[in-house]
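Asker: Got a structure for you, questions after.
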Amino acid sequence: MTAKQILPGATLGVLGGGQLGRMFCVAARTMGYRVVVLDPDPSCGAGLIADVHIKADYTDKAALEEMAEQCDAITLEFENIPSESVRFVADKTAVYPVAESLEIAQNRDIEKQFAQKAGLQPVPYYAILQEEDLQQASSEVGFPAILKSNTLGYDGKGQFVVTDFSELCDAYESVGKVDCVLEKKIDIRCEVSAIVVRNAAAEMASFPVSENQHRDGILHMSIVPARVSAALTSQAIENASILADAMSYVGVLAVEFFVSFDDELYFNEMAPRPHNSGHYTKDACVTSQFEQQVRMMCGLKPGDTRLLSPVVMVNMLGDLWSPDWPSIFTQSNIKLHLYGKTEARPGRKMGHFNVLAEDVESALVVAEGVFNALSEK
Ligand code: ADP
Ligand code: MG
């Protein structure tokens, strides 16, 4: 079946107006689409770029209806948009990714089960759905372990490293006894992510795998090409493609993996949207992940994902504010991206920069030097 193509001049919508929504808006407008964003925050970064900003809550039926009426297709910027809202608009216009894909990615236990069924290997874990499960979880998983809430976690939020049963009980108490998973804390050699895209006609493409370094549970740097074997990068891409196919996924799908010291690839989690670790594609690939998001929801062919240059992406968090701006412009091979956020808070993602160089080693030297200089005052 060939899906209907939605062409420039049409109107696209995005649920969520943070940085991912903003970069989607830029890509869509660049390609000649009108854009409508729905986000309750009157000063959200995407609202400044969109043609129309509907300032309403994600559960506001009248607002969702207004959005659906205006849009030929709708996408979302993050997985925690209530899936009932997605179903509600999907009755009226095309929405990608679909609510079923979203519901898998919204829940850690469900996404791990799904990945496991598809043949991927999650880190050993045990689902905690009631207090009585704590004992069994601790004996199955062992310590150290990480307790993660099943839903609504991001950037390390809702996670606790626990080293014994009493710490586990305390952590369970402090997450409010919500459904959780207890995961074995493994020794990680490095983390990688694979981003694949798929349209309704099942045409797919994959971006080069990125190597991701975190600080305090938040992505700090992505390095591309990843410094792992070719066998591992193909395995990561293949695993992500398997998941996309298994969900009949339409859109951009990012999958995070852990690489152990014996080169085993473990599935960590997936995101049904462009991902922070794919921001390097904006400057270093023929097609960015945000252009792919537009292409996939519009039923267009995937764009070329070729890497044009080795690249290191560095996140700029609120902790850096105000950065020493001149340091970033001392180098001609740095591309700065800011998200239009006026209030800087520690841990808040304010922007990123991409360093393009002959090889990742030189890009890393520049990236680290500039990152340090930005915070020196
Ligand atoms: P989030 O949804 O906040 O991104 P993740 O599950 O990806 O949550 O965890 C954030 C980071 O914490 C990971 O990128 C990794 O660095 C570390 N981490 C998470 N789970 C494990 C684990 N089982 N073993 C070791 N480190 C982990
Ligand atoms: Mg993660």
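The values are calculated or read from the model by the stated rules, or taken from the named source; none is laboratory data. For clarity, every value in this text was computed on a predicted model and none was experimentally measured. Quick reminder, even Gly has a Cβ in these numbers, built from the backbone with ideal geometry, and neighbours come from all protein chains shown. When the accessible area is computed, the model is the full protein with side chains, heavy atoms only, and any ligands, DNA or RNA have been set aside. Shrake-Rupley method; radii C 1.70, N 1.55, O 1.52, S 1.80 Å.
Asker: Select from region 119-133 the residues that are more than 11 Å from ligand 1 (Cβ to nearest atom), under 27 Å from Ala240 (Cα atoms) and aliphatic (A, V, I, L, M) and write down the one among them that is surrounded by the fewest Cβ atoms within 10 Å (Cβ to Cβ).
Answerer: Ala127
Asker: Sticking with this one: Just to be sure I understand, how many residues within region 81-95 are within 16 Å of Gln70 (Cα to Cα) and part of a loop (DSSP other than H, G, I, E, B)?
Answerer: The number of residues fulfilling the criteria is 3.
Asker: Still on this structure, please answer the following. Among (1) touching a Phe, Trp or Tyr at 6+ places or on another chain (Cβ under 8 Å); (2) free of Cβ contacts under 8 Å to residues at least 12 places away in the same chain; (3) among the hydroxyl-bearing types (Ser, Thr, Tyr), there is one condition Ser234 misses while meeting the rest; what is its number?
Answerer: The one condition Ser234 does not meet is (1).
Asker: Of everything in region 241-269, what is closer than 25 Å to Ala201 by Cα and among the aromatic types (Phe, Trp, Tyr)? Give them in sequence order.
Answerer: The one that is closer than 25 Å to Ala201 by Cα and among the aromatic types (Phe, Trp, Tyr): Tyr249.
Asker: Another one. Scan region 151-169 for residues that are within 16 Å of ligand 2 (Cβ to nearest atom) and either open to solvent by less than 10 Å² (accessible area, probe 1.4 Å) or among the aliphatic types (A, V, I, L, M) (or both) and report the count.
Answerer: The qualifying residues number 2.
Asker: Let me ask another. One residue is enough: does region 299-316 have a residue meeting the conditions out of contact with any Lys or Arg (no Cβ under 8 Å at 6 or more places or on another chain), without any contact (Cβ under 8 Å) to a residue 40 or more places away in the chain and open to solvent by less than 60 Å² (accessible area, probe 1.4 Å)?
Answerer: For region 299-316, residues out of contact with any Lys or Arg (no Cβ under 8 Å at 6 or more places or on another chain), without any contact (Cβ under 8 Å) to a residue 40 or more places away in the chain and open to solvent by less than 60 Å² (accessible area, probe 1.4 Å): absent.
This table checks each residue for (1) closer than 16 Å to Asp164 by Cα; (2) over 28 Å from the mean Cα position of the chain (by Cα); (3) assigned by TED's automatic domain parsing to the domain that holds Ser83; (4) surrounded by 15 or more Cβ atoms within 10 Å (Cβ to Cβ).
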site: Arg108; (1), (2), (3), (4): no, no, no, yes
site: Phe114; (1), (2), (3), (4): no, no, no, yes
site: Lys117; (1), (2), (3), (4): no, no, no, no
site: Gln135; (1), (2), (3), (4): yes, yes, no, no
site: Ser138; (1), (2), (3), (4): yes, yes, no, yes
site: Gly142; (1), (2), (3), (4): yes, yes, no, no
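Let's see how each residue does on (1) open to solvent by 70 Å² or more (accessible area, probe 1.4 Å); (2) touching a Gly at 6+ places or on another chain (Cβ under 9 Å); (3) modelled with pLDDT of 95 or more; (4) within 26 Å of Lys157 (Cα to Cα):
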position	(1), (2), (3), (4)
Ser327	no, yes, no, no
Ile334	no, no, yes, no
Glu361	yes, no, yes, no
Ala367	no, no, yes, no
Ala373	no, no, yes, no
Lys377	yes, no, no, no
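Asker: Please find, among Ser241, Ser234, the residue that is away from ligand 1 (no atom under 16 Å from the Cβ), part of a helix (DSSP H, G or I), surrounded by 19 or more Cβ atoms within 10 Å (Cβ to Cβ) and within 21 Å of the chain's Cα centre (by Cα).
Answerer: Every option except Ser241 fails the conditions.
Asker: Restricted to region 251-298, and to residues that are within 15 Å of ligand 1 (Cβ to nearest atom) and in a helix (DSSP H, G or I), which residue is surrounded by the fewest Cβ atoms within 10 Å (Cβ to Cβ)?
Answerer: Asn276
Asker: I'd like the full set of residues that are away from ligand 2 (no atom under 16 Å from the Cβ), surrounded by fewer than 16 Cβ atoms within 10 Å (Cβ to Cβ) and of a type in the set (A, V, I, L, M, F, W, C), limited to region 170-188.
Answerer: Val178
Asker: Under 9 Å between Cβ atoms, at least 6 apart or on separate chains: pull out the pairs that start in region 44-59 with a residue that is among the charged types (D, E, K, R) and end on any residue that is in a loop (DSSP other than H, G, I, E, B) and surrounded by fewer than 21 Cβ atoms within 10 Å (Cβ to Cβ).
Answerer: Close Cβ pairs satisfying both conditions: Lys55/Pro40; Lys55/Asp41; Lys55/Pro42; Asp57/Pro40.
Asker: Regarding Glu191, is this residue within 13 Å of ligand 2 (Cβ to nearest atom), in contact (Cβ under 8 Å) with a residue 40 or more places away in the chain and open to solvent by less than 10 Å² (accessible area, probe 1.4 Å)?
Answerer: no
Asker: Could you list, in sequence order, the residues of region 72-81 that are open to solvent by 10 Å² or more (accessible area, probe 1.4 Å), at pLDDT 95 or above and out of contact with any helix residue (DSSP H, G or I) (no Cβ under 6 Å at 6 or more places or on another chain)?
Answerer: Within region 72-81, Asp72 is the sole residue that qualifies.
Asker: Follow-up question, since we're still on this one. Among the residues of region 158-170, is there at least one that is among the acidic types (Asp, Glu), near ligand 1 (Cβ under 9 Å from one of its atoms) and farther than 26 Å from Tyr249 by Cβ?
Answerer: No, that holds for no residue.
Asker: Follow-up question, since we're still on this one. Kindly list the number of the only condition in (1) open to solvent by 60 Å² or more (accessible area, probe 1.4 Å); (2) assigned by TED's automatic domain parsing to the domain that holds Pro272; (3) more than 16 Å from ligand 2 (Cβ to nearest atom) that fails for Val197.
Answerer: Val197 satisfies every listed condition except (1).
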